[in-house]
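Below is one structure, written out as structure tokens; comments come after it.
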Amino acid sequence: MDGAPQPVRGMNDVLGEDMPYWQFLEQAAREVFAAYGYQEVRIPLLERTDLFERSIGEFTDIVEKEMYTFLDKGGDSLTLRPEATAGLVRAAISNGLLHNQKHRLWTAGPMFRHERPQKGRYRQFHQLDCEAFGYEGPDIDAEVILLSARLWRRLGLGNLTLHINSLGTPESRRGYRDLLVEYFQSHHERLDDDSRRRLGGNPLRILDSKNPDLRSVIDGAPLVMDHLDDESRAHFNGLQAHLDACGVPYTVNPRLVRGLDYYTRTVFEWTSDALGAQDAVCSGGRYDGLVAQLGGEPTPAIGWALGVDRVAGLLRESGVAVPGTTPDVYVVLAGDCAEQAGLALVEGWRDALPQVRIAVNAGGGSFKSQLKRADRSGAVLAVIIGDDEAAHGVAAIKPLRTQAPQQRCSWPEVSGRIRALLPDGTAWHEVT
């Protein structure tokens with residue numbers, strides 16, 4: 001339709017057919033976080049721009065090209081959050097959560113990056129974010145990975161691969177950085193413009209380049225794993241020992257560096273071969289220096305972020321059965337007397353059956369048209385009340401998905417009959 005409003009490019013509506021997958025993921029995540037003792041927090045969508053410039057890194061694509069930044073009426077530069085970790089660290093500092101304390105936290109919500117939209121990559125995207133503050137050893141590194149592995153099992157996703165690496169401490173990485181600069185300088189004529197610019201800032205970002213023309217150059221670069229300090233190597237060995245003991249398979253990927261400057265030591269990524277080019281579904285790592293860098297007390301920390309859009313799409317493409325949102329019962333009210341009695345009756349049935357989804361016909365319509373609506377709704381049962389049934393205090397219960405015969409019962413008996421006729425007596429409709 002000409003002149004009809006359109007969504008902003010890269011910012012998508014999530015409609016009814018996709019919501020069961022989102023809700024299934026979010027509910028599973030909430031239960032798994034609770035099982036591991038992680039508390040939910042909620043942080044603003046907007047932060048001061050310098051928070052992300054100081055944390056994510058000046059020479060990252062996010063800061064250089066992708067942030068939604070503007071001046072507010074007071075002249076302050078504000079940015080829609082492109083990721084959640086920096087905001088969580090800011091919240092922990094500004095609310096005094098890190099004074100000799102340890103915290104396991106999680107949050108969720110939309111993030112914003114001005115990228116080229118494609119499958120699995122949007123300008124408004126949604127994340128689940130898991131963070132642990134105040135823990136130094138590799139045991140917490142293993143825990144956040146184990147938590148994510150348990151979430152995949154809870155969701156029924158078995159086609160994910162875990163990649164791990166260590167970037168070492170900032171001190172050891174400085175020596176490695178010098179080697180990278182020397183190496184890439186010797187191949188300067190083969191670098192693209194982005195890589196040449198990063199060479200003077202953070203050459204590790206070159207290793208994260210998606211330019212296929214640079215693949216052979218990057219493959220020949222020195223490996224950070226070969227230049228770890230003893231402490232970082234022991235930490236990484238401890239992580240592997242924990243994962244081995246817990247039976248979590250992984251691949252050591254020496255080219256995994258992650259796209260944000262604040263990472264130290266452990267970095268990891270879960271990938272799927274079912275998502276095309278955007279194969280990462282969950283990524284994270286340690287950022288032991290970030291709290292101090294942003295003005296807090298030195299605090300070790302680790303976390304990960306999960307792409308809700310991508311994982312929901314993966315659930316759908318993998319054929320995972322999830323709870324639907326269709327009603328279990330559709331109530332047909334044919335006639336003035338039936339309509340007058342109907343709403344109050346259904347409220348009583350909802351009290352008796354809190355787990356059952358009951359939709360009531362609204363807007364009138366003939367008996368035949370209402371039955372068609374009941375069938376199209378996906379409901380398992382139709383409860384039918386016409387004026388004659390209303391006069392006698394009875395209802396007819398008609399199975400809509402089987403050939404079972406219609407039953408007639410008094411109004412007080414309806415809730416018990418519904419409970420008996422629904423599969424397992426629960427509101428579980430699989431989406432396949």
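The values are calculated or read from the model by the stated rules, or taken from the named source; none is laboratory data. This structure is a prediction, so every number in the text was calculated from the model and none was measured. A quick note on method: Cβ atoms are made from the backbone with ideal geometry, for glycine too, and the neighbour counts reach across all protein chains shown.
Condition (residue is buried (at least 17 other Cβ atoms within 10 Å of the Cβ), in contact (Cβ under 8 Å) with a residue 60 or more places away in the chain and under 28 Å from A292 (Cβ atoms)) applied to region 117-128: is it met by at least one residue? The answer is yes; a qualifying residue exists. Could we say that S148 is crowded, with 18+ Cβ neighbours inside 10 Å, under 26 Å from the mean Cα position of the chain (by Cα) and among the hydroxyl-bearing types (S, T, Y) here? Taking the combined requirement at face value, the residue satisfies it.
For every residue, the table says whether it meets (1) of a type outside the set (G, A, S); (2) in a loop (DSSP other than H, G, I, E, B); (3) surrounded by 14 or more Cβ atoms within 10 Å (Cβ to Cβ); (4) on the phi < 0 side of the Ramachandran plot.
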| site | (1), (2), (3), (4) |
| --- | --- |
| Y183 | yes, no, yes, yes |
| D194 | yes, no, yes, yes |
| R197 | yes, no, yes, yes |
| R205 | yes, no, yes, yes |
| V217 | yes, no, yes, yes |
| A221 | no, yes, yes, yes |
| E231 | yes, no, no, yes |
| F236 | yes, no, yes, yes |
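Taking the listed residues V346, V331, V360, V322, the one that is in contact (Cβ under 8 Å) with a residue 60 or more places away in the chain and either more than 26 Å from the chain's Cα centre (by Cα) or on the phi < 0 side of the Ramachandran plot (or both) is V322, with no other qualifying. Checking each residue in region 246-302 for being free of Cβ contacts under 8 Å to residues at least 24 places away in the same chain, out of contact with any Gly (no Cβ under 8 Å at 6 or more places or on another chain) and more than 19 Å from W152 (Cβ to Cβ) picks out only A292. Take the conditions (1) in a helix (DSSP H, G or I); (2) closer than 14 Å to D129 by Cα; (3) out of contact with any helix residue (DSSP H, G or I) (no Cβ under 6 Å at 6 or more places or on another chain); R54 misses just one of them, which is (2). Which residues, counting only those in region 383-408, are more than 46 Å from the chain's Cα centre (by Cα) and either part of a loop (DSSP other than H, G, I, E, B) or hydrophobic (A, V, I, L, M, F, W, C) (or both)? The answer is A390, A391, G393, V394.
If you take the residues of region 1-26 that are among the polar types (S, T, N, Q) and in a loop (DSSP other than H, G, I, E, B), which of them is surrounded by the most Cβ atoms within 10 Å (Cβ to Cβ)? Here the residue is N12.
The residues of region 60-79 that are of a type in the set (D, E, K, R), in contact with a strand residue (DSSP E or B) (Cβ under 9 Å, 6 or more places away or on another chain) and over 16 Å from S209 (Cα atoms), listed by number, are D72, D76.
Would you point out which residue out of V431, V394 is in contact with a strand residue (DSSP E or B) (Cβ under 7 Å, 6 or more places away or on another chain), at pLDDT below 90 and among the β-branched types (V, I, T)?
Details: V394 fails: at pLDDT below 90.
Criteria check complete, one pass: V431.
Restricting V360, V356, V383, V346 to residues that are buried (at least 22 other Cβ atoms within 10 Å of the Cβ), in contact with a strand residue (DSSP E or B) (Cβ under 7 Å, 6 or more places away or on another chain) and modelled with pLDDT of 90 or more narrows the list to V383. Only one of the numbered conditions (1) closer than 21 Å to N253 by Cα; (2) assigned to a helix (DSSP H, G or I); (3) without any contact (Cβ under 8 Å) to a residue 60 or more places away in the chain is not met by G158, and that is (2).
Looking only at residues in region 384-406 that are among the acidic types (D, E) and touching a helix residue (DSSP H, G or I) at 6+ places or on another chain (Cβ under 8 Å), which one is nearest to I418 (Cα to Cα)? Can you show your working first?
So in region 384-406, the residues among the acidic types (D, E) come out as 387-389.
Among the residues that remain, those that are also touching a helix residue (DSSP H, G or I) at 6+ places or on another chain (Cβ under 8 Å) are: 387, 389.
Numbers: D387: 21, E389: 17 Å.
Looking at the filtered set, the residue picked out is E389.
E143 passes every criterion in (1) among the charged types (D, E, K, R); (2) assigned to a strand (DSSP E or B); (3) under 23 Å from V281 (Cβ atoms) apart from (2).
Once region 27-42 is narrowed to residues that are surrounded by 15 or more Cβ atoms within 10 Å (Cβ to Cβ) and touching a residue at least 24 places away in the same chain (Cβ under 8 Å), the residue that is farthest from F112 (Cα to Cα) is Y36.
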